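Written below as structure tokens is the structure these notes are about.
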Amino acid sequence: FHGIISREQADEILAGVEGAYILRESQRQPGCYTLALRFGNQTLNYRLFYDGKHFVGEKRFESIHDLVTDGLITLYIETKASEYISKMTTNPIYEHIGYATLLREKVSRRLSRTKNESRKASVTSEENTPVEKITSLVRRAALTQNDNHFNYEKAHNFKVHTFRGPHWCEYCANFMWGLIAQGVRCSDCGLNVHKQCSKYVPNDCQPDLKRIKRVYCCDLTTLVKAHNTQRPMVVDSCIREIEARGLKSEGLYRVSGFTEHIEDVKMAFDRDGDKADISANIYPDINIIAGALKLYFRDLPIPVITYDTYSKFIEAAKISNPDERLEAIHEVLMLLPAAHYETLRYLMIHLKKVTLHEKENFMNAENLGIVFGPTLMRPPEDSTLATLNDMRYQKLIVQILIENEDVLF
């Protein structure tokens, strides 16, 4: 550290010594610090920050020496190979080594839009598909023979990652340089790519079940793709149990089960997945199972009726003409992600069955709308006022979906 000195003085100190650096306090802004670094026969000056770690950009370092080392590597690569870097994404190996090719073979047909079939779920199977284990990417993409996969589109969940030891980008096959934060890794499937390459990777994430640590609070599409199911197994298991022994239960979904027992069911699904035992032998009160199902929907990071479509559903609910309102709701349903659409469709079919036993359970479509409105849809902004203002429309949306499930889905 050289105290308060000018840029010119820093340049004189560093002259002729490639890779040398000093720290100085700014003359113009006392209390602000600058890293002066010699590279390419010139002195480069960077505003230096500290928040427990040192940084001049996005990356944070334990020591100034590590920061400089990483900076010199980056400067060298960007200077000597700038043209090459700019062309890295133009001819990616990603399309040729088997991963994307295998996924394309999985894409065949969408199920027809009928009463009994989902609009957005596609199931294909293949027999004896040989998959070459060329790289870790292909190994992750290798699907077991005679396996069914639901063709839901899912974006990768990329996060900045520090790789230990040499790593190569699985999109462009080029080296990932730097000391830390050399690239990004998909936390759902483990795909490793350059940050700039991540912009070009298609939405074809196939989550690895080993990376999905829980069932509740997990993104809906991530969960169903990891478990290779059409809908979350929580939804299937709970609805199956409720329809087997609870359709005539008075106040179904309105009467609450014991909170600690509902938490037990949640932990059972998180621990055992579709092997969780929710039978009458363990939980004789059907309201516990109903409560666990509602809790699953409430815990979703993105609601079944997504934040992106929330305002469109609310606007559709405000339409006074019943036929126009129904058409508007149908159009918004088409905007839902595939797994969300299929889950909502399946739930509405179930709730319609609940209303058929209204004489015993006293739950009609309006009552169920009151219960499930705020459970299935939440405003994007965390506003109590917005939630209160929209409650009647949330109820109305669910009520309409139940009453018209055979037309809307």
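The values are calculated or read from the model by the stated rules, or taken from the named source; none is laboratory data. Quick caveat: nothing in here was measured; it's all calculated off a predicted structure. For neighbour counting, all protein chains shown are included, and Cβ atoms are generated from backbone atoms with ideal geometry for every residue, glycine included. To get the accessible areas, we keep the full protein, side chains included, count just its heavy atoms, and leave off ligands, DNA and RNA. Shrake-Rupley method; radii C 1.70, N 1.55, O 1.52, S 1.80 Å.
Within region 27-50, list the residues whose amide N lies under 15 Å from a label point set 7 Å along Cα→Cβ of D11.
Answer for this model: 36-46.
Based on Cβ point charges of +1 for Lys and Arg and -1 for Asp and Glu, what charge dipole magnitude is obtained for the chain about its Cα centre, in debye rounded to the nearest 20?
On the way: 52 positive and 54 negative charges, 66 e Å.
In debye, rounded to 20, the chain gives about 320.
Which helices, counted as full DSSP H runs in the chain, have an axial Cα extent of no less than 27 Å and a Kyte-Doolittle average of 0.0 or above? Please list the in-between numbers first.
On the way: long enough: 384-403 (28 Å, 0.40).
Helices meeting the criterion: 384-403.
How do 254-263, 77-86, 199-208 rank on mean C-beta neighbours within 10 Å, highest first?
Working: 254-263: 14.7, 77-86: 11.3, 199-208: 17.9.
Top of the packing list down: 199-208, 254-263, 77-86.
By its C-alpha gyration tensor, with a ≥ b ≥ c as the square roots of the eigenvalues, how is region 223-297 shaped: rounded for a/c under 1.5, else prolate for a/b larger than b/c, else oblate?
It is prolate, given that a/c is not under 1.5 and a/b is the larger ratio.
When ranked by the protection proxy of mean other Cβ atoms within 10 Å per residue, highest first, what sequence do the peptides 396-404, 7-15, 347-355 form? It would help to have the intermediate numbers written out before the result.
Numbers: 396-404: 22.8, 7-15: 15.0, 347-355: 19.9.
Going by the mean number of other Cβ atoms within 10 Å, highest first, we get 396-404, 347-355, 7-15.
Under the 0.36 nm per residue contour assumption, what length would be gained going from the current alpha-carbon distance of V407 and D277 to full extension? Working shown, then result.
Values: separation 130, 0.36 × 130 = 46.80 nm, distance 3.48 nm.
Full extension from V407 to D277 adds 43.3 nm.
Can you give me the % of accessible surface on region 5-86 that is carbon or sulfur? Probe 1.4 Å, all protein chains present, nothing else counted. Before the final figure, lay out each step's value.
Details: 2540 of 5070 Å².
Carbon with sulfur: 50 percent of the solvent-accessible area.
By how many nm would the segment from R298 to S63 lengthen if fully extended, with 0.36 nm per residue of separation less the alpha-carbon distance? The partial results should precede the final answer.
Details: separation 235, 0.36 × 235 = 84.60 nm, distance 4.36 nm.
Gain on extension, R298 to S63, equals 80.2 nm.
With a 10 Å radius around each residue's Cβ, average the other Cβ atoms per peptide and rank 180-186, 330-336, 58-64, highest first. Before the final figure, lay out the partial values.
Details: 180-186: 21.3, 330-336: 15.9, 58-64: 14.3.
Ranked from most to least packed, the peptides come out as 180-186, 330-336, 58-64.
Give me the percent of accessible area attributable to carbon and sulfur for region 223-297, probe 1.4 angstrom.
Values: 1540 of 3230 Å².
The C+S portion of the solvent-accessible surface of region 223-297 is 48 percent.
Taking 7 Å along the Cα-to-C-beta vector as the label spot, tell me the S383-K87 distance in nanometres, rounded to one decimal.
The two pseudo-label positions are separated by 5.1 nm.
Classify region 5-86 as rounded, prolate or oblate from the Cα gyration tensor: take a ≥ b ≥ c as the square roots of its eigenvalues, call it rounded if a/c is under 1.5, otherwise prolate when a/b beats b/c and oblate if not. Write down the numbers at each step before the final one.
Numbers: a/c = 2.12, a/b = 1.25, b/c = 1.70.
Note, shape of region 5-86 comes out oblate.
Please report the relative contact order for the chain, taking Cα pairs under 8 Å with a sequence separation of at least 6, and give it as a percent rounded to a whole number.
So the answer I get is 11 percent.
Classify the chain from the C-alpha gyration tensor, please: rounded if a/c falls under 1.5, else prolate or oblate depending on whether a/b exceeds b/c. Intermediate values should be presented prior to the final figure.
On the way: a/c = 2.56, a/b = 1.96, b/c = 1.31.
Judged from the Cα gyration tensor, the chain comes out prolate (a/c at least 1.5, a/b above b/c).
Please name whichever of I262, I286, L252 sits farthest to the positive end of the charge dipole of region 223-297, dipole taken about the Cα centre and charges placed at Cβ: Lys and Arg +1, Asp and Glu -1.
L252
Determine, from the Cβ-Cβ distance of E25 and K359 and an R0 of 60 Å, the FRET efficiency 1/(1 + (r/R0)^6), rounded to the nearest 0.05.
On the way: r = 81 Å, r/R0 = 1.36.
Result of the calculation: an efficiency of 0.15.
Could you size up the charge dipole of region 5-86 around its Cα centre, putting +1 on the beta carbon of Lys and Arg and -1 on that of Asp and Glu, and report it in debye to the nearest 20? Intermediate results must be reported in sequence, preceding the final value.
Working: 9 positive and 12 negative charges, 36 e Å.
Using Cβ point charges on Lys, Arg, Asp and Glu, region 5-86 gives about 180 debye.
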